[in-house]
Amino acid sequence: MYEKHVRKKTATTPRKVVVAAFCACFLPGCISVYHYQPLQGLHRSYALSYKEANFAGLTLNLSCIANTFVSESAAGVLCDKLRTVFEGQGAKVLDAESGDAAFDYGLEFEATQTYHHQNAWMWPVSILLFTLFPVEQEYAFKQTVTLTRGSDGSPLRRESFEARFLWFWGAGYWGLNKLFNVTVRNDSEKVDDASMRRDFSRDFYSQVSQLVYNARTRDAFRNAKVEAQ
Amino acid sequence: MTVLIPLLPFLLLFLFGRSGDPAPGLFTSKSDAARYECVRTTREAVSREKPGALKERAPRGDFLEEELFRCDAPLFARGDRPAQGDALLDTLSEQINEIVAGAEVAVPNAPAWSALAHHGDDVLARKIRFALEVALRSREKAVESELPHLSAADIVALSQKPPQESYPLLCAKLPSRNKAWLAAFSVDAKETVLHAGVCHDEVWTWLL
C-alpha cells in the first residue's frame, strides 16, 4: 500500500510541474526577449551625462502629444519620465498648476510609428513546436522633438530620433539568450528587458538633454556677446 | 526531452534566417551593432545606389520576407574617441555648411578667405579649420591657409579674455582689409555645437 502510494506520487508530480511550467510560459513576458537597435539620431555621441546638474536655474515646459500611436496615458508617462530626467539635472519643469508662468525653453515630443511587422502564422507554429520556434514581432518609432524659445515661442531646433525594437517569444530563443547571458556576455552586453530599457533611456535622454544644453550655451554666449558689445 | 531534439532544426533555421540582421541579437553583440549606423531602405533604393548588390527576387516571390537596411560603419565607433569631439564630428559637415553659408551672407564680396578654429583638443581644432577651408573652396572662394601673426603679448592678452571679448579684439589685429577671416570655436566642454564669427575690414560679425 505504501509502495503504491509512493510510486503514484513520483509518476504524477513531474508531469504536473511540466504542464504547469508549460502553461505559465504561454503567458507573454515569461519567455520573451527584447532587442533594441538605435537608428536615426540615437547612436550619435553626446558630451554630457544626464545624471549631472546641467540645467541649474533653467525652466522648461514639456509637452507630450497623444496620437494614434501614443495614448493619452502613455504621453503622460513619457512627460513624467522626462520631468524626472530634467529635474534630476537641476531644471525646473512647469506642470499643469504652473498656469502661464514664464519658461526658458519649450520641448514638444511627438512619436510616430514608422514600422510594424508581425507574422500571425508564427503563433500556432511556435505552440505546435513547444515554442522552440520563436514568435517574432518588430516595430520602429520616430520621436520628433521640437525645441522652442520660451520668451517668444520661436522654434530653435527640431530633431528626430528613431529606434527599432525586436521582440521574440518562445522557450527556445529565450533559453539560448539566457544561456548566452550567463556564459558569454559581460554585464554591459547582457540582453534582457531591463538592459533594453536602460540602453534606450540612456540614448534618448542623453540626446534630448544635449539638445537643450546646446541651445542653452548658444543663448548664454549670445547674451554675453550683447553685454560685451 | 527526446521529443524536442528533432525540433531543434526549426530553431536553427530561424536563427540562420536572422543572421544578417544588424540589430543586437544572439550572434551580434551590442558593441558590434553599435559600430553600424543603419537606416531602413527599399530594394528600389538599393538598386539605384548600388546596382547588383542584391540578388534578384524569385519570379513567384520569396518564401522568406525581406527587410533591408543600409548600414554605414564609421571609421571610429562611439567610444573610440573623447565623447565631445566625437559628438562634434558627428554633425561637423552640417555645422560647417551653416557657418559658411552665414559668412557668405555677412561678407558677400571678400576677395580672399582664411579660416581659424579653436578647440581644447588641437587635433580637433585642425579638423574644424580644414573643414572650413574645404567648405569655402567648394563654394569657389579663394582660400589662403594663412595663420595670423600675433606677438606673444597679444596672444597672452587675448587668451585671458572670454571668447565673446577676445574675438572682436583679435579682429582689430588681423590684416582684414582685403580678406575675410572666418573663425569657428567651442567654448564649453559639454556642448556639441560650434560658435562662429567673421572678421572683415576690421569689423567682427557674430554668426552663431
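Which entries in the list A:51/B:127; A:190/B:55; A:178/B:55; A:142/A:178; A:51/A:92; B:141/B:190 go over 24 Å, if you measure between the two C-alpha atoms of each?
A:51/B:127; A:190/B:55; A:178/B:55; A:142/A:178; B:141/B:190
Test of understanding: in a Gaussian network model of chain B with alpha carbons linked when under 10 Å, which of B:84, B:95, B:160 would top the mean-square fluctuation ranking?
Of B:84, B:95, B:160, the most mobile in the Gaussian network model is B:160.
Specify, per residue and in Å³, the volume enclosed by the convex hull of the alpha carbon atoms belonging to segment B:1-108.
So the per-residue Cα hull volume is 164 Å³.
Averaged over its residues, how many other protein chain Cβ atoms are within 10 Å of peptide A:210-220's Cβ atoms?
Across the residues of A:210-220, the mean count of other-chain Cβ atoms within 10 Å is 4.
May I ask you to derive the FRET efficiency for residue B:73 and residue B:203 from their Cβ-Cβ distance with R0 = 56 Å, giving the value to the nearest 0.05?
0.80
So what is the relative contact order for segment A:31-228, in percent, with contacts set as C-alpha pairs under 8 Å and at least six apart?
Dividing the mean separation by the residue count of segment A:31-228 yields 29 percent.
Suppose every Lys and Arg Cβ carries +1 and every Asp and Glu Cβ carries -1, with no other charges. What dipole size does chain A come out with about its Cα centre, to the nearest 20 debye?
Magnitude of the dipole: close to 1160 debye.
Have a look at B:78, B:129, B:40 and tell me which one the Gaussian network model of chain B (Cα, springs below 10 Å) gives the largest fluctuation.
Maximum among the listed residues: B:40.
Before anything else, pin down the relative contact order of segment A:44-121: Cα pairs under 8 Å, at least 6 apart, normalised by residue count, whole percent.
Relative contact order of segment A:44-121: 43 percent.
For residue A:198 and residue A:73, what does the FRET efficiency come to when R0 = 22 Å and r is the distance between their Cβ atoms, rounded to the nearest 0.05?
0.45
With springs only between Cα atoms under 10 Å, which of B:119, B:195, B:149 fluctuates most in a Gaussian network model of chain B?
Largest GNM mean-square fluctuation: B:149.
Using a 7 Å offset from the Cα along the Cα-to-Cβ direction at both residue B:137 and residue B:121, what is the distance between the two label points in nm, to one decimal?
Reported label-point gap for residue B:137 and residue B:121 is 2.3 nm.
How do B:51-57, B:18-24 rank on mean C-beta neighbours within 10 Å, highest first?
By packing density, highest mean first, the sequence is B:18-24, B:51-57.
For n ≥ 4 DSSP H runs only, could you compute -39500 (n - 2.57) per run for chain A, divide by its residues and tell me the 222 nm figure to the nearest 500?
Result for chain A, helices only: -14500 deg cm²/dmol.
If only Cα atoms are counted, what is the Rg of chain B, and what is its Dmax, in Å?
Looking at chain B, its Cα Rg and Dmax stand at 25.8, 88 Å.
Can you give the charge dipole size of segment B:54-208 about its Cα centre, rounded to the nearest 20 debye, using +1 on the beta carbon of Lys and Arg and -1 on the beta carbon of Asp and Glu?
340
Stokes-Einstein diffusion coefficient for the protein assembly as shown at 25 °C in a medium of 0.890 mPa s, Rh from the Kirkwood formula over Cα pairs: what value in µm²/s?
Using the Kirkwood radius from Cα pairs, D works out to 95 µm²/s.
Using only the Cα atoms of segment B:83-206, what are the Rg and Dmax in Å?
Rg, Dmax (Cα atoms, Å): 13.7, 39.
For chain A, what percent of Cα pairs sit more than 33 Å apart?
The share of Cα pairs beyond 33 Å in chain A comes to 38 percent.
Can you give me the distance in nm between label points at residue A:219 and residue A:149, each placed 7 Å from the Cα along the Cα-to-Cβ direction?
Modelled inter-label distance: 0.9 nm.
Counting only other chains, and only Cβ atoms inside 10 Å, what mean value do you get across the residues of B:165-176?
The mean count of partner-chain Cβ atoms within 10 Å per residue comes to 1.
Straight-line reach only, C-alpha to C-alpha below 14 angstrom: list the aspartates and glutamates that residue B:50 could link to, leaving out same-chain residues fewer than 8 apart.
B:72
Throughout, read-outs are computed from the coordinates displayed, never taken from laboratory work. On a predicted model such as this, the values are computed, not experimentally measured, just so you know. Methodologically, a virtual Cβ is constructed for each residue, glycine included, from the backbone with ideal geometry; neighbour enumeration extends over all protein chains shown.
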